[in-house]
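The values are calculated or read from the model by the stated rules, or taken from the named source; none is laboratory data. Since this is a predicted model, take the numbers as computed values, not measurements. As a convention, Cβ positions derive from the backbone with ideal geometry for all residues, glycine included, and neighbour counts pool all protein chains shown. Just the protein is used for accessible areas: all its heavy atoms, side chains included, with ligands, DNA and RNA removed. Shrake-Rupley method; radii C 1.70, N 1.55, O 1.52, S 1.80 Å.
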2 protein chains.
Amino acid sequence: MGASGKTSLGVDPLMLGRAIIDADRRAAHALNLVPSENRISPLASLPLGSDFYNRYFFNTDGDPLFWEFRGGEEIAHIEALGIDALRRMASARYCNVRPISGMSAMIITVAALSRPGSTVVSVDQNSGGHYATSALLGRFGRESRLLGGGGGRVDESRLADLLAPGDVDLVYVDVQNCVRTPDFRAMSAVVKDVSPGTRLYVDASHYLGLVFGGHVVNPLTCGADAFGGSTHKSFPGPHKGVIFTNSDDVDEKLRAAQFDLLSSHHFAETLALALAALEVEQHIGEYARATNDNARRLARALADAGFRVHGDSSAGYTDTHQVWVELDNTADAYALSNRLADVGIRVNLHSTLPGVPGVHLRLGSNEVTFEGAGPRAIERLADALVTARERALEPRTVSEIRRRFGAPFYTDSEKLTGEVRL
Amino acid sequence: MGASGKTSLGVDPLMLGRAIIDADRRAAHALNLVPSENRISPLASLPLGSDFYNRYFFNTDGDPLFWEFRGGEEIAHIEALGIDALRRMASARYCNVRPISGMSAMIITVAALSRPGSTVVSVDQNSGGHYATSALLGRFGRESRLLGGGGGRVDESRLADLLAPGDVDLVYVDVQNCVRTPDFRAMSAVVKDVSPGTRLYVDASHYLGLVFGGHVVNPLTCGADAFGGSTHKSFPGPHKGVIFTNSDDVDEKLRAAQFDLLSSHHFAETLALALAALEVEQHIGEYARATNDNARRLARALADAGFRVHGDSSAGYTDTHQVWVELDNTADAYALSNRLADVGIRVNLHSTLPGVPGVHLRLGSNEVTFEGAGPRAIERLADALVTARERALEPRTVSEIRRRFGAPFYTDSEKLTGEVRL
């Protein structure tokens, strides 16, 4: 026994482990400007390397006679504390943390709040909707009806016509790519007026951290029945999903659907989510503000340097963490992305942003803000983007930007080692 | 900024991190006899704590012009090598590693291989089927038709009647709780005879490692169109899902469904799966044999000591990693489970095992076998179970059992530290 040495094809798994560690060392230094990613904190990362990664956990009510899977008893309270923190940030009575991803939350929500054969309204991809929603609905026997708009935005006034036939169980607001969020209040008013039996759900995956921080308006206070999404984009958590509601009935429907569609809820990652929530909670408003401030600062600096930045300049270009920058052509886009990647600045190229033709940088300020970037770091970062249009960057570019960072919104590794890893 | 100190409700996240580390220390020592769990190896666990946990990865074909998400370039080959190892173990042309759990693989398979409005045959829970399948099918607009049996087993001969109406797109063999696997060859013959357009899929979540090791017959060689499942039960990998097929058409359908139903495939966990596969590949036959040998040895020892062990004693009680032990009543069951848990032996109580009324221990030999348990350790483990029926166990029980372990089927932490964490 013992799995040392090479496999039959001459691959040594240990060498691959070393390659991952080497790549991870470079990744730790890198600056990620991807709006759909964030960097989980060292504290929140702890459970992922623990034995709880290997375990199931079902006893969400802490029933002393229901420890069918042993071991979770000792730390079950951490999941409960995390749920409380999430509920506080979402101003919601109920928080379902069992979805294992944003798409898992989407599947559970669709199953819970609409019936096979019914119609579900979601947002046209050209107006910011998620690429998968309509096809997913079709695969699950729902009719998909798309809410469009103009200029890449949702036109809330069109919703009334879509609801008029009376066959819509659910309006699923799946806008992801956006520098302005839809008007949830207007949509809710239309639903209540035209089709009061229809449920309104907001998939806030991209701007979840901004909702928690009070920077984007909370869908529940606007009349939505529920909202949720993935927890690793503007919210700096693990790859999980959450769903919030204030309704007993919706909560019960979500629990029932989740029971049918999910077994393990990935216990270690739920613990990671709890730690991430508790760690960021008292700073969430500041984090959300700083994230949008940084996005606007980056947008302004790039526009001043001659980049074509999407959005209304007089309104700061963006209300979210996203900044869209149009590039001349694909060759230039790859050259820019490659020059940035060469020194450890990672950007997202996007050719199908809603309402804006051509290839774009889809930038996100969320991760660097979580890591401590403030005005000085963002200015230097913008300089790097400007320079990379023309030529290769100096290898020290990222170090220079990082030197301008303030304290992060999490407990750094050194403090963690001192206080936790005793 | 900086997230030190307590939250508004007086909870210190650092204290919770410490609690997780403390619990993890106890968990590392524990013996887990849960058939649906395994312990990922230290090598395979490496990516989970890395920055790749935070990242998306879409460029499965390695297109040099498609690095929309940067950073994955350096280690993309590891995913590819892992897929090759999985394909070799499954003797399959195609391996889809994008599902993020066993249920995710189930959802993708149902969506890929059946249409809304069609009928899907799965296995009655009383014959070993998964608790969720039938309800899941209903939520996705499929008609659910259940294949039953007698005495907790599938009766393959009943399949012809279920297929006769001609409306079945898919037979989904979701047997999980079993000491004998169904006769895939017989089922395939019926499908080909009665309804050749129907697809046959085997959800091998529980016995995946035993199929890989050649101990349970490979569904593809029996005529199934595809098989797959979760990767953390008898196969000692992370919480992910895989689907195998030899059919171009089925592979294409799975890819299309996966694209619509999944976004991130959890990159770090896919790397973990790759490392787990490459690490265990050359020992997979030995691991599978030892797992069943240990299950039979445990079953025999418990039966000899007066426990009522399910199964045919003349055939070794079990062909899988599972051993079912009937207990007198719930109070006794909890007392036994608690006494074992007190010293770090973790067992699963189950009240709905197919075909066997009453409360049972559902034991699995998979994890302790992966950790190195051989005959001597299993005998000592059986002694502990026997003793715990009557009285509390000595605190040193687990150490005594572990002292009898041989080498594990993975690179242990010390060697890993020496060779990888340079």
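List of remarks:
- Think of it as helices only: each DSSP H run of n ≥ 4 in chain B is worth -39500 (n - 2.57), and spread over all residues that comes to -12500 deg cm²/dmol at 222 nm.
- Carbon + sulfur, % of accessible area of the protein assembly as shown - ligands and nucleic acids excluded, 1.4 Å: 48
- Relative to the current alpha-carbon distance between A:Asp328 and A:Arg391, full extension at 0.36 nm per residue lengthens the span by 21.1 nm.
- Among the listed pairs B:Lys192/B:Lys253; A:Lys415/B:Lys240; A:Lys233/B:Lys415; A:Lys253/B:Lys253, those beyond 26 Å (Cα-Cα): A:Lys415/B:Lys240; A:Lys233/B:Lys415; A:Lys253/B:Lys253
- log10 of Debye I(q)/I(0), alpha-carbon scatterers only, for region A:226-313 at 0.15, 0.20, 0.26 Å⁻¹: -0.77, -1.01, -1.27
- Between copies, the label points of B:Ser413, set 7 Å from Cα on the Cα→Cβ line, lie 1.9 nm apart, reported in increasing order to one decimal in nanometres.
- Mean Kyte hydropathy of -0.5 or more with a Cα span along the axis of at least 18 Å, helices from DSSP in chain A: A:13-29, A:76-90, A:267-280, A:330-343, A:375-388
- For residues of B:19-29, the mean tally of beta carbons on other chains within 10 Å: 6
- Dipole magnitude of chain A about its Cα centre (Cβ charges: Lys, Arg +1; Asp, Glu -1), debye to nearest 20: 900
- Taken per residue, the accessible surface of the protein assembly as shown reaches 33 Å², heavy atoms only and a 1.4 Å probe.
- Highest to lowest packing among A:347-354, A:233-240, B:92-99, scored as the average C-beta count within 10 Å: A:233-240, B:92-99, A:347-354
- Test item: B:109-119 mean partner chain Cβ contacts at 10 Å: 2
- The Cβ shell under 13 Å around B:Phe307 holds other residues with a net charge of -3, Lys and Arg each +1, Asp and Glu each -1.
- Average Cα contact separation per residue, chain A, under 8 Å, 6 or more apart, as relative contact order %: 22
- Excluding ligands, DNA and RNA and using a 1.4 Å probe, chains A and B jointly bury around 10100 Å² of accessible surface, summed across both partners.
- The modelled label-to-label distance for the pair B:Gln282/A:Glu414, using points 7 Å beyond Cα in the direction of Cβ, is 4.3 nm.
- Diffusion of region B:135-231 by Stokes-Einstein, at 20 °C in a medium of 1.002 mPa s and with Rh set to the Kirkwood radius over alpha-carbon pairs, works out to 154 µm²/s.
- 27 Å tail of the calculated P(r), region B:194-343, as % of Cα pairs: 40
- Most mobile of A:His29, A:His360, A:His130 in a GNM of chain A (Cα contacts under 10 Å): A:His29
- Here the Gaussian network model covers chain B, with springs between Cα atoms less than 10 Å apart; of B:Ala335, B:Ala301, B:Ala85, B:Ala335 fluctuates the most.
- Region B:284-403 - Kirkwood radius from inverse mean 1/r over Cα pairs (Å): 14.4
- The magnitude of the dipole of region B:162-281, with charges of +1 and -1 set on the Cβ of Lys/Arg and Asp/Glu and taken from the Cα centre, is near 300 debye.
- Overall, the anisotropy analysis places region B:205-254 in the oblate class: the square-rooted eigenvalues a ≥ b ≥ c of its C-alpha gyration tensor yield a/c not less than 1.5, with a/b not exceeding b/c.
- Using the Cβ-Cβ distance between B:Asp167 and A:Phe259 with R0 set to 25 Å, the FRET efficiency from 1/(1 + (r/R0)^6) comes to roughly 0.35.
- Amide H contacts of A:Gly149 (H built 1.01 Å from N, under 5 Å, at least 5 apart or other chain): A:Asp155
- Debye log10 I(q)/I(0) at q = 0.06, 0.08, 0.11 Å⁻¹ for the protein assembly as shown, Cα point scatterers: -0.38, -0.69, -1.32
- Here A:Arg396 yields copy-to-copy label distances, from shortest upward, of 6.1 nm, the label point defined as 7 Å from Cα along Cα to C-beta.
- Closest approach to the A/B rotation axis among chain A Cβ atoms, residue and whole-Å value: A:Gly141, 1
- If you wrap the Cα atoms of chain B in a convex hull and average its projected area over all directions, you get 23.6 nm².
- Region B:109-135 versus region A:269-347: alpha-carbon centroid distance in Å: 44
- Placing unit charges on each Cβ (+1 for Lys and Arg, -1 for Asp and Glu) gives chain A a dipole about its Cα centre, and among A:Val216, A:Ser41, A:Val190 the Cα reaching farthest toward its positive end belongs to A:Ser41.
- Here is how far apart the B:Arg289 label points are across copies: 6.8 nm, shortest first, using a point 7 Å from Cα toward Cβ.
- Inter-chain Cβ neighbour count for B:406-419, averaged per residue, equals 3 (cutoff 10 Å, partner chain atoms only).
- For region A:345-413: rounded, prolate or oblate by the Cα gyration tensor [a/c cutoff 1.5]: oblate
- Computed over chain A with a Gaussian network model linking Cα atoms closer than 10 Å, the most mobile of A:Val190, A:Val154, A:Val202 is A:Val190.
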